[in-house]
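Working notes for the structure below.
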Amino acid sequence: MIGVLVTFTQTDKFDRATVAKIAGELRPPFEGMAGLRFKSFMLDDDGVHARNFYVWDDEEKARSFFTDELVGKVTGVYGVRPKIEYLDIVGFVDNSGA
């Protein structure tokens, strides 16, 4: 498993309602996506950082998803180019089925 943290940083604050709208509009293509276990849309308390966190089954699928074309598209959506970090998931707890 691999995690991917995508961070959008603005000098002005992100509006929570705007980020929630983005999440709602972008959610459907991720539902049932092969290799993707989880995706979350997040906003920091300070409103300066919007973050998306992904959990993928394997690194190849994760890295192949984040193409230059995709980065260009999300830059247009959020208004700022994201920083993308790949994280080795060494442990995982999933209580969703409990």
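The values are calculated or read from the model by the stated rules, or taken from the named source; none is laboratory data. Nothing here was measured: the structure is a model prediction, and the numbers come from that model. Because the Cβ atoms are built from the backbone with ideal geometry, glycine has one as well, and the counts that use them run over all protein chains shown.
Among the residues of the range 29-45, write down those that are within 17 Å of D57 (Cα to Cα), surrounded by 11 or more Cβ atoms within 10 Å (Cβ to Cβ) and among the charged types (D, E, K, R).
R37, K39
Residue check: is V48 of a type in the set (V, I, T) and within 15 Å of G79 (Cα to Cα)?
Against the criterion (of a type in the set (V, I, T) and within 15 Å of G79 (Cα to Cα)), V48 qualifies.
Among L5, L26, which is the only one that is at pLDDT below 95, surrounded by 11 or more Cβ atoms within 10 Å (Cβ to Cβ) and among the hydrophobic types (A, V, I, L, M, F, W, C)?
The match here is L26.
Exactly one of these conditions fails for N52: (1) surrounded by 11 or more Cβ atoms within 10 Å (Cβ to Cβ); (2) without any contact (Cβ under 8 Å) to a residue 12 or more places away in the chain; (3) polar (S, T, N, Q). Give me its number.
Against the list (1) surrounded by 11 or more Cβ atoms within 10 Å (Cβ to Cβ); (2) without any contact (Cβ under 8 Å) to a residue 12 or more places away in the chain; (3) polar (S, T, N, Q), N52 comes up short only on (2).
Any idea which residue in the range 78-98 is nearest to I22 (Cα to Cα), counting only those that are of a type in the set (V, I, T) and surrounded by 14 or more Cβ atoms within 10 Å (Cβ to Cβ)?
My answer is V80.
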